[in-house]
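First up is the structure itself, then whatever we jot down about it.
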Amino acid sequence: MSEELKARFEQAGKEVTQLSEAPDNMQKLRLYSLFKQGSAGDCTGSRPGMMDFVGRAKFDAWKALEGTGKEEAMQMYVDLVEELKAADKK
């Protein structure tokens, strides 16, 4: 894994918290799942119960990325944060 990509991934994690408006829920789920896939790899554990709506949505979003390489997920995360930053400046 390239150190440059790892540094950009970590920087994007900081920058996303500095947006003037929080991303919508779908973007938050996408950010969460890409971050988890990029940092931890494929989804682990069991799916949360029916009443844990947030936990279940997060698990499903991460699980959908199963098989995506860590570097690819990191790059997708960085790209998404860049898109959000560009939209934030408008």
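No value in this document is a laboratory result; all are computed from the given coordinates. Keep in mind the model is a prediction, meaning the values are calculated, not measured. Using ideal geometry, Cβ is built from the backbone for each residue, glycine included, and neighbour counts are taken over all protein chains shown.
Here are a few things to note about the model shown:
- Net charge, P48 excluded, C-beta distance under 10 Å - Lys, Arg +1, Asp, Glu -1: +1
- Extension gain from E21 to E4, taking 0.36 nm per residue of separation minus the Cα-Cα distance: 3.4 nm
- Shape annotation for the chain: C-alpha extents along the principal axes are 38, 32, 15 Å, from largest to smallest.
- Charge sum, other residues only, whose C-beta stays under 14 Å from L29's C-beta, Lys/Arg counted +1 and Asp/Glu -1: +4
- Computed lengthening from R56 to A86, 0.36 nm per intervening residue step minus Cα-Cα distance: 7.8 nm
- Separation of the R47 and K63 label points, Cα + 7 Å toward Cβ, nm: 0.4 nm
- Mean residue ellipticity, 222 nm, helices only, the chain: the sum of -39500 (n - 2.57) across DSSP H runs of n ≥ 4, divided by residue count and rounded to 500, is -21500 deg cm²/dmol.
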